[in-house]
1. What does the copy distance list look like for residue A:58, label position 7 Å along Cα→Cβ, in nm and ordered from shortest?
2. Using only the heavy atoms of the protein chains and a 1.4 Å probe, how would B:57, A:76 rank by accessible area, largest first?
3. Do you know the relative contact order of segment A:7-88, to the nearest whole percent, from alpha carbon pairs under 8 angstrom that are 6+ apart?
4. Name the chain B residue nearest the rotation axis between B and A, going by Cβ position, and give the distance in whole Å.
5. May I ask you to compute the full-extension gain from residue B:96 to residue B:40, defined as 0.36 nm times their residue separation minus their alpha-carbon distance, rounded to one decimal in nm?
6. Would you kindly work out, in nm and rounded to one decimal, the distances from the label point of residue B:115 to those of the same position in each other copy, ordered shortest first, with label points 7 Å along Cα-to-Cβ?
7. Using θ = phi - 60° and the Karplus curve 6.51 cos²θ - 1.76 cosθ + 1.60, what whole-Hz ³J(HN,Hα) does each residue of segment B:70-81 get, with Gly and Pro shown as x?
8. So which residue, out of A:81, A:89, A:72, gets the largest mean-square fluctuation from a GNM of chain A using Cα contacts under 10 Å as springs?
2 protein chains.
Amino acid sequence: MPEILSEKKKELIERIGVFHEQRGMQPLMGRIFGLLMVLDEAEATFEEIVDYLSVSKSAVSNALNFMQAQNKVRYKTKPGKRKRYFYLKIDDWENDMQQQIEEITKGAHFLNEVIAARKNEKPEFTRQLQELCEFLEYVKTKIPNLFEGFRKQKR
Amino acid sequence: MPEILSEKKKELIERIGVFHEQRGMQPLMGRIFGLLMVLDEAEATFEEIVDYLSVSKSAVSNALNFMQAQNKVRYKTKPGKRKRYFYLKIDDWENDMQQQIEEITKGAHFLNEVIAARKNEKPEFTRQLQELCEFLEYVKTKIPNLFEGFRKQKR
DNA sequence: AAAATGGTTCTCTATTTTATAAACAAAGTA
DNA sequence: TACTTTGTTTATAAAATAGAGAACCATTTT
């Protein structure tokens, strides 16, 4: 028997949905994300997702396939049951975080191209581009330290 | 006489546009961003932007207003001239970067809510949420160090 | 075999986003 | 005053997105 969601949880799911939506995730994906976090069991069948979120099967099918392709979601089965139990693959959050932080530093590449393409007509401007670029490259080198520092601090 | 853009610069502008587009910026904004970086003068009039990018005036007007509201772009005027010279406000990239890095840590807030809302039926799952959350909070505290470390390393 | 289950795929529609074109406003010029 | 320049606004149109609903397919179950 599936958990009955409190109003608080429903509302939290929606807010988590909006949060992700604003960061470029498609709306339903964000809400599935929220749902799978909030459920005490931390998992749900296809049908439950449809019911909890009141959306169509096709929407759920597409969203789940997308999330699985992105390695955000997995499913398992249970002996004797045909249904799939979808859950968040949260155990590799470190990889995820690393990628997210690296994302920010990706722009450095373009900055270098821009700097190379510019005549130095506005040295002050070019210098600022350079400084930003150097910062991004510095951050990139410091990412491993961040994880290391975190682990060290935990013990 | 406005600079004539080389093929290389045109292509670079487009790639910068796509880069920003993929990060949620509207397409034209990304290309204006690229244009204003790549131009030797690091500035352009409204009309020049329209011509360089072959887009409509209203599109440019909207994009520039948006970018000015976001404090990404400013304009100045020149004595005797009526035109506005738009340029990137790049000098506060530190603020910008800080906000971008903080963006990543925003999710911690939701994670705390989720953890509070969950019965502890799946302790392993909850523990992973907690760990991720702690990491985000750790990163948040380390942001100032990042800037400090960068400045230190520069001298 | 027929029916039920679990999920996928296809078609259509509503919404949102992005851009155009044309009218408009303001301010300077002849 | 009329005309030009410089941008803004206002309708619209075109295109991309998200999702609904129904048909569909592959397994089980009966």
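1. 3.2
2. If we order B:57, A:76 from most to least accessible, we get B:57, A:76.
3. Normalised by residue count, the contact order of segment A:7-88 is 26 percent.
4. B:24, 2
5. 17.8 nm
6. Label-point distances to the other copies, shortest first: 4.0 nm.
7. 7, 6, 8, 10, 10, 9, 10, 10, 10, x, x, 10
8. A:81
The values are calculated or read from the model by the stated rules, or taken from the named source; none is laboratory data. Keep in mind it's a predicted model, so treat the numbers as computed, not measured. Please note: Cβ atoms are built from the backbone with ideal geometry, for glycine as well, and neighbour counts cover all protein chains shown. Only protein heavy atoms, including side chains, enter the accessible area calculation; ligands, DNA and RNA are left aside. Shrake-Rupley method; radii C 1.70, N 1.55, O 1.52, S 1.80 Å.
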